[in-house]
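*Asks:* This is the structure I have questions about; it appears just below.
The values are calculated or read from the model by the stated rules, or taken from the named source; none is laboratory data. Note that the structure is a prediction, hence the values are computed from the model and not measured. Because the Cβ atoms are built from the backbone with ideal geometry, glycine has one as well, and the counts that use them run over all protein chains shown. Ligands, DNA and RNA are excluded from the accessible area calculation, which covers all protein heavy atoms including side chains. Shrake-Rupley method; radii C 1.70, N 1.55, O 1.52, S 1.80 Å.
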Amino acid sequence: MGTTTENGNAVIWLLDRHLEDGRGDHTVFVDPHRSLTYAGLADASARFAGALWQAGVGRERRMVMIQQDTIDFPVAFLGAIRAGVVPVPINTLLAPEQVAYMLEDSRAEALCISRACLVAYGHVLAQARHLRLILIAEADGSVTTDLPSGALNFARFAADGHAVPEPVQASPDDVAFWLYSSGSTGAPKGVKHVHSAIRATADTYAAQVLGIRADDVVFSAAKMFFAYGLGNAITFPMSVGATTVLLPDRPTPDSVMSVMRAHNPTIFCGVPTLYAALLSNPALGPGAGSNRLRVCISAGEALPEQVGKRWSEKVGAEILDGIGSTEMLHIFVSNSPTHLKYGTSGVAVPGYDLRIVDEQEHDLPPGGIGELLVRGPSAAEGYWNQRARSRRTFQGEWTRTGDKYIQLEDGFYQYQGRADDMFKVSGIWVSPFEVETALISHSAVQEAAVIGREDAEGLLKPMAFIVLKQGVEMNDELLAALKAQVKEHVGAWKYPRWLEVVDELPKTATGKIQRFKLREAFSHAGE
Ligand code: 3UK
């Protein structure tokens, strides 16, 4: 029919617009080895897009990214979107089995992986059936020749690409990228996000809550492979032509403060565990090392009230706690600089509507505890190849969060825990089920149950209850072996910080472990 429609490819608004508006020479990303301007990023991502096509990776094919936070991350992510290839950033700390699952589930044809991540996953890549392009990115962007067989160097690959003249024609409803989200049971789900969702998070949260400006310098300790870090470090600064500072390594109090001192960011983004760790560091002072810090944000799990208050006193900048999810892409309930109450998640972000419902789906009046439902422009299109779970989570315009909330008399929303048994450690999901599975796979363990228990800071950490096999005695060696088992099989941050040997676990008549009983007895602060 030959109708011309506007190109809804997210890269046009997020990136190419800045060149047309004369901001091409502004710095967009800085990492420990390199920096890149908007014009440089436009060129690098257009070449990367062209190189993907030259390599035969077509539209709608998936490209998994196991990348540290360096300049190559946005080059790959935005280059893929420019080409119509679907980038799928995944957590760089996952156990090899989980990476194998995601490569298989997504049927990814391409993979970008940081050199530092290669050791852990080398054998997984060799077995991934659908991969036909593996790109190894060096931390400093150098061209190296020491590569596993069949793999190519990222920098060389991108440099050799013929830049695509313009982003592939896309509808605002076309799927632009995926992120994996884990649930309480079953395998992780590929969450499909559309092109227009990217701008939607910038127009709502970034513009109206953060009030982000062109002269802001953002530092997100939360990595870009999380929806949280992706929005903080790519979408929000790029929505206004601002700058992002990247830290490829693990964010420790020391590494975070050295970035703060070196780059003086105006906006800092972290998870509650990191704020708590920074507060116990004696070197923490005004601005956390930055001479122009204006606001901080926290998400991933609830920010304990005392952490927020102590930070605000000591650092002189507020932390805006807000709840977001992979399904909604970013934060949809938040505190703001002008409307803030520590110990709550704030109020609905402009552009989003909320409901709190009981088990019969009836709306509850303020003061009632129920499940939080949200409606807004950044909701995902659904889960990849998981119709039943998509139908349960995405109900028409409303997305079920699985979180219990209460609306206080003053209008603020307060988190009350998960509707199921999942909990977060350092902002990352822990499913009791997967930790239990790892424990049980040890020959000494008969049964296991895992709950989240508050540590001295009021932050959740895994606690395990185990029934040992007959004749087995607990000792230091076994304890260490069980922790190692969890670290190795499900992820380093998920190991139980406390381990209690019990004679039996509380169970229902049908044999389901009653974790809530253990929580009632043990979830208070431990030593
Ligand atoms: C929990 C919170 C209390 C809550 C995320 C910001 O965390 C993000 O996405 P995930 O898919 O997890 C979503 C779940 O995490 N949660 C997140 N923030 C808070 N609970 N207070 C909070 N402030 O259970 C939610 O359902 O990993 C966070 C932006 C984008 C994100 N994807």
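*Asks:* What's the carbon and sulfur percent of the chain's accessible surface, probe 1.4 angstrom, rounded to a whole number?
*Replies:* Values: 10830 of 21690 Å².
Reported share for carbon and sulfur atoms: 50 percent.
*Asks:* Still on this structure, I have one more. At 1.4 Å probe radius, can you tell me the per residue accessible area of segment 10-192 in Å²?
*Replies:* Here the per-residue accessible area is 38 Å².
*Asks:* Follow-up question, since we're still on this one. How large is ³J(HN,Hα), in whole Hz, for each residue of segment 228-235 in order, when computed from phi with the Karplus curve 6.51 cos²θ - 1.76 cosθ + 1.60 and θ = phi - 60°, using x for Gly and Pro?
*Replies:* Each residue's phi maps through the Karplus curve to give 4, x, 4, x, 4, 9, 10, 4 Hz.
*Asks:* Give the accessible surface of segment 424-522 per residue, rounded to a whole number of Å², with probe radius 1.4 Å and ligands, DNA and RNA excluded.
*Replies:* On a per-residue basis, 49 Å².
*Asks:* If you count, for each residue, the other Cβ atoms within 10 Å and average over each peptide, how do 217-223, 465-471 line up from highest to lowest?
*Replies:* The densest-packed peptide leads the list: 217-223, 465-471.
*Asks:* Taking a temperature of 20 °C and a viscosity of 1.002 mPa s, what whole-number D in µm²/s does Stokes-Einstein yield for segment 171-292 with Rh from Kirkwood over alpha carbon pairs?
*Replies:* On the way: Rh = 15.7 Å.
Taking Rh from Cα pairs, D becomes 136 µm²/s.
*Asks:* Hey, which lysines would be in cross-link range of LYS507, C-alpha to C-alpha under 17 Å, not counting anything within fewer than 8 residues on its own chain?
*Replies:* LYS517
*Asks:* Then there's this: Answer with one residue from LEU152, TRP13, GLY40: the one whose Cα lies farthest towards the positive end of the charge dipole of segment 10-192, charges on Cβ with Lys, Arg +1 and Asp, Glu -1.
*Replies:* LEU152
*Asks:* Additional query: Mind jotting down a quarter of the surface of the convex hull over the alpha carbons of segment 424-522, in square nanometres, one decimal?
*Replies:* Value for segment 424-522: 6.5 nm².
*Asks:* For a protection proxy built on the mean count of beta-carbon atoms within 10 angstrom, sort 491-504, 141-154 highest first, please. List each step's numbers first, then the result.
*Replies:* Numbers: 491-504: 16.2, 141-154: 14.1.
Result, highest mean Cβ count within 10 Å first: 491-504, 141-154.
*Asks:* Taking the Cα centre as origin and putting +1 on Lys and Arg beta-carbons and -1 on Asp and Glu beta-carbons, what dipole magnitude results for the chain, to the nearest 20 debye? Could the numbers behind the result be given before it?
*Replies:* Details: 48 positive and 60 negative charges, 100 e Å.
The calculation lands at about 480 debye.
*Asks:* Could you list which residues have their amide H under 5 Å from that of ARG418, counting only those 5 or more apart in sequence or on another chain, with H placed in the peptide plane?
*Replies:* Correct list: LYS404.
*Asks:* When the Cα centres of segment 171-250 and segment 2-59 are compared, how far apart do they sit, in Å?
*Replies:* After rounding, the separation between the Cα centres reads 16 Å.
*Asks:* Relative to 2.2 N^0.38 Å, what does the C-alpha radius of gyration of the chain come to as a ratio? Two decimals please.
*Replies:* Dividing the Cα Rg of the chain by 2.2 N^0.38 Å gives 0.96.
*Asks:* Turning to a different aspect of this structure: Kindly provide the helix-only [θ] at 222 nm of the chain, computed as the sum of -39,500 (n - 2.57) over DSSP H runs of four or more divided by all residues, to the nearest 500 deg cm²/dmol?
*Replies:* -8000 deg cm²/dmol
*Asks:* Still on this structure, I have one more. So how much accessible area does HIS489 have, in Å² to the nearest 10, using a 1.4 Å probe?
*Replies:* Approximately 70 Å² of HIS489 is accessible to the 1.4 Å probe.
*Asks:* For the chain, what does the relative contact order come out to in percent, with C-alpha contacts under 8 Å and a separation of six or more?
*Replies:* 11 percent
*Asks:* Now a separate question. Rounded to the nearest 20 Debye, what is the dipole magnitude of segment 158-306 about its Cα centre when Lys and Arg each give +1 and Asp and Glu each give -1 at the C-beta?
*Replies:* It works out to roughly 260 debye.
*Asks:* Of the DSSP beta bridges with both residues in the chain, give the percent that are antiparallel, rounding to the nearest 5.
*Replies:* 60 percent
*Asks:* Here's something else I'd like to know. When the Karplus curve 6.51 cos²θ - 1.76 cosθ + 1.60 is applied with θ = phi - 60°, which whole-Hz ³J(HN,Hα) does each residue of segment 402-411 get, with x for Gly and Pro?
*Replies:* In residue order, the calculated couplings are x, 9, 8, 9, 10, 9, 6, 4, 7, x Hz.
*Asks:* Let me ask something else. Using just the C-alpha positions of segment 1-93 as equal point scatterers, what log10 of I(q)/I(0) does the Debye formula give at each q in 0.14, 0.20, 0.25 1/Å?
*Replies:* Values returned for q = 0.14, 0.20, 0.25 Å⁻¹ are -0.55, -1.02, -1.30.
*Asks:* Here's something else I'd like to know. If packing is taken as the average number of other Cβ atoms within 10 Å across a peptide's residues, how do 56-63, 69-76 rank, most packed first?
*Replies:* 69-76, 56-63
*Asks:* Another question about this same structure. Considering only Cα-Cα distances, which of the following residue pairs are longer than 25 Å: LYS424/LYS469; LYS189/LYS309; LYS223/LYS424; LYS309/LYS487?
*Replies:* Details: LYS424/LYS469 29 Å; LYS189/LYS309 36 Å; LYS223/LYS424 16 Å; LYS309/LYS487 33 Å.
Check vs 25 Å cut-off fails for LYS424/LYS469; LYS189/LYS309; LYS309/LYS487.
*Asks:* Let me ask you something else. Given +1 on the Cβ of Lys and Arg, -1 on the Cβ of Asp and Glu, and no further charges, what dipole in debye does segment 10-192 carry about its Cα centre, rounded to the nearest 20?
*Replies:* On the way: 15 positive and 20 negative charges, 89 e Å.
Dipole of segment 10-192, to the nearest 20 debye: 420 debye.
*Asks:* If you find the alpha carbon centre of segment 109-163 and of segment 356-431, how far apart are they in angstrom?
*Replies:* One Cα centre to the other: 38 Å.
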